[in-house]
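Heads up, the thing below is written out as C-alpha cells.
Please treat every number below as a calculation from the coordinates, not as lab data. For clarity, every value in this text was computed on a predicted model and none was experimentally measured. FYI the Cβ positions are ideal-geometry reconstructions off the backbone, even for glycines, and counts take in every protein chain you see.
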Amino acid sequence: MEAKTKDLWVFIETDSEGKPKNVGLELLNPGRELATAQGGKLVGVVIGVNTEIAAKAAGNFGADSVICVEGDEYKNYTTDAYKEALVHLIEKYGPTAVLIGATNVGRDLGPGIAARLRTGLTADCTGLSIDEETGNVKWTRPAFGGNLMAEIMCPDTRPQCGTVRPGVFKKPEETGKEAEIIKEDFHVPAENIRMKLIDVIKEVGETVDLEGAEIIVSGGRGVGGPEGFDVIKQLADALGGVVGSSRACVDAGWIAHSHQVGQTGKTVAPKIYIACGISGAIQHVAGMSGSDCIIAINKDPDASIFGIADYGVVGDLFQVIPAFVEEIKKAKA
C-alpha cells in the first residue's frame, strides 16, 4: 500500500489492565529520531482496555499523538482481534513505518499485519537508523547465528515494519506533556476471533527482571559449574543487582534460562554490567553492548570481552569478586 503520511508509529503493548509495557515506551526513543529524520510525527498506538493509562504514558515519553482502540475483545491478546484492529488503523492513516516490540505478542502480531498488508517485516532488530540516500528505515539485526549484523531496508512497499528487542533502547526522558488522543471505534465480532482464552496460569518459580535491572552481574564458563554462581550472587546482592548468565552456562544446566543474556536470551542495557568469566562472544555481546558501563573480570588478558569493556580486571574471579564484595561492605558501613 502507499503511505499517506510520513508519520512513524510505535505499538504500545499493554497488559490486561491497560498498563503499558516497557518495550513500547522504549521504542519512542528511536521512534522520535526516525520520525524527525523522515519529517513526520511520532504516533503511539494502543489497543486494549483502559487505554487512557498507556496513552498518557506515551505522551509523557514523547509521542505527538496516540491512537486508541478500546473494547472488551482486546482485554487479552488474540491474533485475530489485534491484527484486524491494527490493519484497519494502518489502512486508514497510512504511516510510513511501524515499530513493534519483539515480545511474544509482537513476534506474533508483526508478521500477521505484514502479511495482510503485503509489505516487508524485519524481525528481532537491535538497531535502527535512516538511510540518508533513500530515506528508508535501516533495520539492523543479527544474522547467521549472530556472527554478523545485517542491515535491511524495505524500499518498495509501505509501511516499513519491524520488531525490536526489548531492552535495546532506553526509555526517553519524561516530557510531562499530554499527547493528542485519537479514539477509534473499531470492534471485531466474537465469531471472527478464533482464539479463546480459557485460563491464565502464572508461572511458579524465580522471576528475574533482567530488562529492568540497573545493575547486572553475569557469569560465564569461567565460573566452572553451578556452584560458581554463588560468588556471582554475592556480588549482585552486595550491589543491589541481579544475576545474569551467558548461554554456555544455561546450556550446561548450571542456571535457569531466565538469567540468560545474549542473542538467544534477554537484551539488556543496565547502568552497570559486570561480566565475570565471560569470553565476549558476539552472541553475548549483542545482548549487553548497550550497557552504560561494562566491567570485565577474566583471567585471560586476551579475552574479547576486554575489547568492549570500560574497565577490566585480569584475574581469577574467585579471588577478585570476594575482594570487591569486601570493599563494598566497607563502603556501606
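Take every Cα pair under 8 Å in the chain that's 6+ residues apart, average their separations, divide by the length, and report that relative contact order as a whole percent. Don't jump to the answer; show the numbers that get you there.
On the way: 765 pairs, mean separation 50.2, N = 333.
Computed over the chain, the figure is 15 percent.
Let a ≥ b ≥ c be the square roots of the eigenvalues of the Cα gyration tensor of segment 1-96; is it rounded (a/c under 1.5), or, if not, prolate (a/b larger than b/c) or oblate? Intermediate results must be reported in sequence, preceding the final value.
On the way: a/c = 2.30, a/b = 1.29, b/c = 1.78.
Here segment 1-96 falls in the oblate category.
Output the antiparallel fraction of DSSP beta bridges having both residues in the chain, as a percent to the nearest 5.
20
Quick one: 273, 82, fewest Cβ neighbours within 10 Å first, how do they rank? It would help to have the intermediate numbers written out before the result.
Working: 273 29, 82 24.
Exposure proxy ranking, most exposed first: 82, 273.
Nearest 10 degrees, 0 to 90: what angle lies between the long axis of helix 22-38 and the longest principal axis of the chain (Cα atoms)?
Compared with the principal axis, the helix lies near 60 degrees.
Excluding residues fewer than 8 places away in the same chain, name every one of the aspartates and glutamates whose C-alpha is closer than 16 Å to that of residue 299.
Once the sequence-local aspartates and glutamates are set aside, what remains near residue 299 is 316.
Just want the ordering: 98, 314, from fewest to most Cβ atoms lying within 10 Å of their own Cβ. Numbers along the way, then the final one.
Working: 98 29, 314 14.
Listed from fewest to most nearby Cβ atoms, that is 314, 98.
Sequence gap at least 6, Cα distance under 8 Å: using those rules, report the relative contact order of segment 160-276 to the nearest whole percent.
Details: 142 pairs, mean separation 37.9, N = 117.
Relative contact order comes out at 32 percent.
Going down the table (83/196; 21/183; 41/177; 19/196), which pairs top 18 Å between alpha carbons? Let's see the in-between values first.
Working: 83/196 15 Å; 21/183 20 Å; 41/177 15 Å; 19/196 22 Å.
Violating the 18 Å Cα-Cα cut-off are 21/183; 19/196.
Only counting other Cβ atoms within 10 Å, I'd like 25, 239 sorted with the fewest neighbours first. All intermediate terms of the calculation are to be shown ahead of the outcome.
Numbers: 25 26, 239 17.
Ranking 25, 239 by Cβ neighbours within 10 Å, fewest first, gives 239, 25.
Among 241-252, 122-133, how do they line up by average Cβ neighbours within 10 Å per residue, starting with the highest? Could the numbers behind the result be given before it?
Details: 241-252: 22.7, 122-133: 17.0.
Packing order, densest peptide first, comes out as 241-252, 122-133.
State the antiparallel share, in %, of DSSP beta bridges confined to segment 8-192, rounding to the nearest 5.
On the way: 10 of 36 bridges.
Among the beta bridges of segment 8-192, antiparallel pairing accounts for roughly 30 percent.
Cα-Cα pairs above 35 Å in the chain: how many percent? Before the final figure, lay out each step's value.
Numbers: 15949 of 55278 pairs.
The calculated P(r) of the chain puts 29 percent of pairs beyond 35 Å.
For segment 8-192, how big is the tail of P(r) above 31 Å, as a whole percent of Cα pairs?
On the way: 1708 of 17020 pairs.
For segment 8-192, the share of Cα pairs beyond 31 Å comes to 10 percent.
Run the helix sum for the chain: -39,500 (n - 2.57) per DSSP H stretch of 4+ residues, divided by residue count, reported at 222 nm to the nearest 500 deg cm²/dmol.
Numbers: 8 runs with 92 residues, N = 333.
Result for the chain: -8500 deg cm²/dmol, rounded to the nearest 500.
To the nearest 20 debye, what charge dipole does the chain have about its Cα centre, counting +1 at the Cβ of each Lys and Arg and -1 at the Cβ of each Asp and Glu?
On the way: 33 positive and 46 negative charges, 38 e Å.
I would put it at about 180 debye.
Averaged over every viewing direction, what's the projected area of the C-alpha convex hull for segment 215-332? Give it in nm², one decimal, please. Could the numbers behind the result be given before it?
Details: hull surface 25.0 nm².
Answer in nm², one decimal: 6.2.
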